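Colleague: Please see the structure below; I have some questions.
Read-outs throughout are calculated quantities, based only on the coordinates presented, and are distinct from any laboratory measurement. Just so it is clear, the model here is predicted, and its values are computed rather than measured. As a convention, Cβ positions derive from the backbone with ideal geometry for all residues, glycine included, and neighbour counts pool all protein chains shown.
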Amino acid sequence: MRYLPGIIFGIFILELASLIWLAGHIGVLPVLAITILDVMIGSALIRRSGSTVVAAMNTRNFDAKAVSSGAADGVFGALAGLLFIIPGLFSDILAVFLLLPWLRRRFARFVEPHISAGMPRDSRGPVIDAEVVEIEEVRHFGPPTQRD
């Protein structure tokens, strides 16, 4: 944790240097167009992955493994979208790797036990429908009254 600011600063410098290098080879306007396209692709991926996670959570047959794989898929899609939004070549390469299906499945298998750990194992048990009623005590100020 002590070196985290230095690592983040180093990644920022690396991304900036990659953009400058690319602009020197293909020009500034194409790099600007690629950066704008990356932001549009990233926001679309984040939007789509959010709906994927919601759809996984709203399945009728609640299966922790299916939900966790759907949620992991959505999380990796959102992470790829975030990496596309960050300007630079290396973050774009990492985002493309996260979009490859075979790598995504491998990462999902690694993450699934952590996602499904908090989910109930079997939801076919009894469902108890309940209603909460809040009762407020009325307090009267002044001298206590005598009751017969």
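Colleague: Show me 88-100, 4-16, 36-48 ranked by packing, highest mean number of other Cβ atoms within 10 Å first. Before the final figure, lay out the partial values.
Modeller: On the way: 88-100: 16.8, 4-16: 11.2, 36-48: 15.2.
Taking the mean over residues of other Cβ atoms within 10 Å, the ranking is 88-100, 36-48, 4-16.
Colleague: State the extension gain, in nm to one decimal, for the chain segment bounded by PHE9 and VAL133, taking 0.36 nm per residue of separation less the distance between their alpha-carbons. Present the calculation step by step, with values, prior to reporting the outcome.
Modeller: On the way: separation 124, 0.36 × 124 = 44.64 nm, distance 5.37 nm.
Residue separation times 0.36 nm, minus the Cα-Cα distance, leaves 39.3 nm.
Colleague: Which net charge results for the neighbourhood of LEU83, defined as the other residues with beta-carbon distances under 14 angstrom from its beta-carbon, given Lys and Arg at +1 and Asp and Glu at -1?
Modeller: Working: positive: ARG104; negative: GLU15, ASP38, ASP92.
That works out to -2.
Colleague: I'd like the FRET efficiency for VAL39 and LEU103, computed as 1/(1 + (r/R0)^6) with the beta carbon distance as r and R0 of 30 Å, rounded to 0.05. Write down the numbers at each step before the final one.
Modeller: Values: r = 23 Å, r/R0 = 0.77.
Approximately 0.85, to the nearest 0.05.
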